[in-house]
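*Asks:* Below is a structure I'd like to ask you about.
The values are calculated or read from the model by the stated rules, or taken from the named source; none is laboratory data. Only a predicted model underlies this, so the values are computations on that prediction, with no experimental measurement involved. Methodologically, a virtual Cβ is constructed for each residue, glycine included, from the backbone with ideal geometry; neighbour enumeration extends over all protein chains shown. For the accessible areas, the whole protein counts, side chains as well, though only heavy atoms, and no ligand, DNA or RNA atoms are used. Shrake-Rupley method; radii C 1.70, N 1.55, O 1.52, S 1.80 Å.
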Amino acid sequence: MRKHEVVVVGAGLAGQRAALAAIEAGREVAIVTKLHPLRSHSGAAQGGINAAVGADDSVDTHIYDTVKGSDYLGDQDAIEFFCKSAGPTVIEMEHFGTIFSRGADGSLARRAFGGAGFPRTIYAADRTGLALLQGLWERLGSERFTMYEEWELAKLVVRDGRVQGLIALDRRRGEFEGIAARSIVVATGPSGRVYGRTTNAHSCAGDGVSVAYEAGAFLKDMEFVQFHPTALLESSILITEGARGEGGILKNAAGERFMSKYAPHALELASRDVVSRSIVTEVREGRGFSGPYGGYVHLELMHLGKEKVESRLQEICDYSRLFAGIDPVTQPIPVYPAQHYMMGGVGTDIHGATNIAGLFAAGEAACVSVHGANRLGGNSLLDTLVFGKEAGIAAAEFAAKASTPELTAADVTEATAPYRAWSSRTDGEDPSALRKEMQQTMDRYAGIYRTESDLAEGLKRIRAVKKRFERVRVVDQSKVFNLNLTDAIETGEMIELAEVILVGAYARTESRGAHFRVDYPKRDDARWMKHTLAQMGPEGPTLSYSPVAFTRWEAKERVY
Ligand SMILES: Cc1cc2nc3c(=O)[nH]c(=O)nc-3n(C[C@H](O)[C@H](O)[C@H](O)COP(=O)(O)OP(=O)(O)OC[C@H]3O[C@@H](n4cnc5c(N)ncnc54)[C@H](O)[C@@H]3O)c2cc1C
């Protein structure tokens, strides 16, 4: 059996940062990843990373903006730690080799982002994620750890109250293999493909989150799903908030700059939940444009001039030209909100520890929580690096003291029995049809505006899909890169997450941040100032709640 001290699952920014920290703490490390590290979704991040650097900004304002942005659901002790770590983290990344955009005086260039009281988003044109990923990958040095590339985590083995190892599918050979580990960091990134309309890459299937949930980990605040206001119509490719940060404006079909009604001060740079709801309201009330791909509004950059648009927003120009056939230098971009980010994830403390000994989580797969009910743009890249490092250090410390884990061939055989059953069926359900049905259900019933009856209907439908999944069939019998099998694995995992999102959203009878209940339109601090914790039970998720940590900021009404 393969054995390692620390195994990090995921090689995006969070996973790589965790691995680097564990290596620097003197531990022997392996990385398991289903994608090449530089193909991780972190590389798609466009807009930038937040840090109060410069004498004109303050860490306290960053903390306050994050607390307010979270609609007071973020844990303030964690947020203080997070924002204080921001400056050193960005400087460290620049020392690792990330090439950031510069101002005329050579200092780090900063742009305005939604919900921020100061322009503190540091960027590398509109390719910030890729620039960070590249710098970190070079620093990590591929000779310092064992790499399991194209390996997909399928199960975690937990016994005697601690994690013993994992089981993964080596996609190249089509074999399930066990890896024993003293400690494991789950850094598997986003779960956006639970929805159909999403800015997330196809690989963002939340499988790590779901595997941790099945192993007994608590999932925290899963009902809080962020919809990004500006995704390109039809493809849902992201148009970065940086486009509005650079001065882009939103207009309805009557040519009105409608954000002045909803956020008179911050306008297009109100927080994402506010701008997304405003766009949907405009369209629903008949003031949007309509076309074969549904309603939409316009994002205008034309007034910024060719030079600025083409230099600061290079990718946005490419995407608009390529995927929508329009040129943002001379034409408005058709946009509509799409799922973008999960505030929830595997519940952890500031050091990435979960409720299972030896199991840690970081990045978008985790929920510390610093984003609470709504994440600010630019805070997620920061989250991956700050808490990736913390999780790596804590996993290394755990591994240094832990006894030898026990994982046997029998564990692998037992855990993978369901997959063999899928492949031996002669008839059954097609996983891609079930995936599509799940995505359409989530788009329709668990979107931006939610009601009790919609959520109940959504849950009924998802449970029906889950029932049908018991009879899933993998038709393709080939060993090498069997995408039918990986599709089935990921679909099964996502259905579990969809159920958790719906159950949490149904229970939370208030509106807070990205969770908007039409039937309970106000925030209800007396009853709901608490985190949702979901644990897997025999009949689906069971919910409990935990308190929110307050330090210096009292909950106030949130206006932009
Ligand atoms: C289009 C887009 C633009 C964004 N722009 C910004 C921005 O400008 N600023 C900002 O702050 N945030 C932004 N975000 C959010 C931010 O980029 C992500 O939250 C963050 O990069 C996630 O990093 P991660 O390391 O947690 O996950 P990822 O970078 O997605 O890495 C996940 C890793 O896990 C691996 N993996 C997944 N499942 C498995 C499995 N079952 N087995 C093995 N390996 C697995 C993958 O191979 C991958 O290496 C953006 C997100 C999107 C989608």
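*Asks:* When you check A78 against the structure, is it in a helix (DSSP H, G or I) and at pLDDT 95 or above, yes or no? Break it down stepwise before answering.
*Replies:* Details: in a helix (DSSP H, G or I): yes; at pLDDT 95 or above: yes.
Spelling it out, A78 is indeed in a helix (DSSP H, G or I) and at pLDDT 95 or above.
*Asks:* Testing D273 on (1) open to solvent by 40 Å² or more (accessible area, probe 1.4 Å); (2) in contact (Cβ under 8 Å) with a residue 60 or more places away in the chain; (3) not small (G, A, S), one condition comes back false. Which one is that?
*Replies:* (1)
*Asks:* Would you say R39 is among the basic types (K, R), within 13 Å of the ligand (Cβ to nearest atom), open to solvent by 50 Å² or more (accessible area, probe 1.4 Å) and not assigned by TED's automatic domain parsing to the domain that holds S311?
*Replies:* yes
*Asks:* Moving on to the next point. Scan the range 306-313 and give yes if some residue there is out of contact with any helix residue (DSSP H, G or I) (no Cβ under 7 Å at 6 or more places or on another chain) and open to solvent by less than 40 Å² (accessible area, probe 1.4 Å), otherwise no.
*Replies:* no
*Asks:* Could you please find all residues in the range 166-179 being surrounded by fewer than 20 Cβ atoms within 10 Å (Cβ to Cβ) and among the small types (G, A, S)?
*Replies:* The one that is surrounded by fewer than 20 Cβ atoms within 10 Å (Cβ to Cβ) and among the small types (G, A, S): G174.
*Asks:* Among the residues of the range 461-477, what is the count of those that are part of a helix (DSSP H, G or I) and either of a type in the set (D, E, K, R) or touching a helix residue (DSSP H, G or I) at 6+ places or on another chain (Cβ under 7 Å) (or both)?
*Replies:* So the answer is 8.
*Asks:* I've got another one for you. Could you list all residues from the range 10-36 that are within 7 Å of the ligand (Cβ to nearest atom) and crowded, with 19+ Cβ neighbours inside 10 Å? Even if it seems obvious, please write down each step before you answer.
*Replies:* Here is the first cut: in the range 10-36, the residues within 7 Å of the ligand (Cβ to nearest atom) are 10-15, 32-35.
Result: G10, A11, G12, L13, A14, G15, V32, T33, K34.
*Asks:* Right, something else. Could you give every pair whose Cβ atoms fall below 9 Å, whose first residue belongs to the range 86-114 and is at negative phi and open to solvent by 40 Å² or more (accessible area, probe 1.4 Å), and whose second residue is among the aromatic types (F, W, Y) and in a loop (DSSP other than H, G, I, E, B), counting only separations of at least 6 or pairs across chains?
*Replies:* Pairs that qualify, where the first residue is at negative phi and open to solvent by 40 Å² or more (accessible area, probe 1.4 Å) and the partner is among the aromatic types (F, W, Y) and in a loop (DSSP other than H, G, I, E, B), are E94/F100; R110/F118; R110/Y123.
*Asks:* Just checking, which of F96, F118 is modelled with pLDDT under 95 and away from the ligand (no atom under 13 Å from the Cβ)?
*Replies:* Checking each option against the conditions leaves just F118.
*Asks:* How many residues are within 12 Å of the ligand (Cβ to nearest atom), within 15 Å of G97 (Cβ to Cβ), open to solvent by 20 Å² or more (accessible area, probe 1.4 Å) and not aromatic (F, W, Y) if we restrict to the range 131-165?
*Replies:* 1
*Asks:* Looking only at residues that are in contact with a strand residue (DSSP E or B) (Cβ under 9 Å, 6 or more places away or on another chain) and modelled with pLDDT under 95 in the range 211-236, which one is surrounded by the most Cβ atoms within 10 Å (Cβ to Cβ)?
*Replies:* L233
*Asks:* Can you name every residue in the range 336-353 that is surrounded by fewer than 24 Cβ atoms within 10 Å (Cβ to Cβ) and of a type in the set (V, I, T)?
*Replies:* Matches in the range 336-353: I350 only.
*Asks:* Quick check on the range 43-59. Is at least one of its residues touching a residue at least 40 places away in the same chain (Cβ under 8 Å) and closer than 30 Å to R182 by Cα?
*Replies:* Checked against the condition, which is being touching a residue at least 40 places away in the same chain (Cβ under 8 Å) and closer than 30 Å to R182 by Cα, the range 43-59 yields at least one hit.
*Asks:* Among the residues of the range 44-63, which ones are assigned to a helix (DSSP H, G or I) and more than 7 Å from the ligand (Cβ to nearest atom)?
*Replies:* If the condition is that a residue be assigned to a helix (DSSP H, G or I) and more than 7 Å from the ligand (Cβ to nearest atom), then V59, D60, T61, H62, I63 are the ones that fit.
Residue-by-condition table, conditions (1) over 27 Å from A11 (Cβ atoms); (2) basic (K, R); (3) outside any helix (DSSP H, G or I):
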{"position": "L382", "(1), (2), (3)": "no, no, no"}
{"position": "A400", "(1), (2), (3)": "no, no, no"}
{"position": "P405", "(1), (2), (3)": "no, no, yes"}
{"position": "V412", "(1), (2), (3)": "no, no, no"}
{"position": "P418", "(1), (2), (3)": "no, no, no"}
{"position": "G447", "(1), (2), (3)": "yes, no, yes"}
{"position": "L459", "(1), (2), (3)": "yes, no, no"}
{"position": "K479", "(1), (2), (3)": "no, yes, yes"}
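*Asks:* Right, another one. Please work out which residue is farthest from the ligand (Cβ to nearest atom), limiting yourself to the range 368-383 and to residues that are open to solvent by 10 Å² or more (accessible area, probe 1.4 Å) and farther than 20 Å from F516 by Cβ.
*Replies:* V368
*Asks:* Go through the range 184-206 and give me each residue that's over 12 Å from the mean Cα position of the chain (by Cα) and surrounded by 24 or more Cβ atoms within 10 Å (Cβ to Cβ).
*Replies:* Correct list: I184, V185, V186, Y195.
*Asks:* A further question follows. In the list A86, A104, which residue meets the criterion of being over 22 Å from the mean Cα position of the chain (by Cα), assigned by TED's automatic domain parsing to the domain that holds W137 and of a type in the set (A, V, I, L, M)?
*Replies:* Just one listed residue meets the conditions, A104.
*Asks:* For the range 170-201, give me the residue count where each residue is closer than 26 Å to Y293 by Cα and more than 11 Å from the ligand (Cβ to nearest atom).
*Replies:* 4
*Asks:* Here is a list: R425, R450, R463. Which entry is among the basic types (K, R) and either touching a Phe, Trp or Tyr at 6+ places or on another chain (Cβ under 9 Å) or within 16 Å of the ligand (Cβ to nearest atom) (or both)?
*Replies:* Only one candidate passes the filter, namely R450.
*Asks:* Return only the number of the condition from (1) touching a helix residue (DSSP H, G or I) at 6+ places or on another chain (Cβ under 8 Å); (2) part of a helix (DSSP H, G or I) that V297 does not satisfy.
*Replies:* (2)
*Asks:* Right, next: Scanning the range 467-486 for residues that are in contact (Cβ under 8 Å) with a residue 40 or more places away in the chain and over 13 Å from G428 (Cβ atoms), which turns out surrounded by the most Cβ atoms within 10 Å (Cβ to Cβ)?
*Replies:* It comes out as L485.
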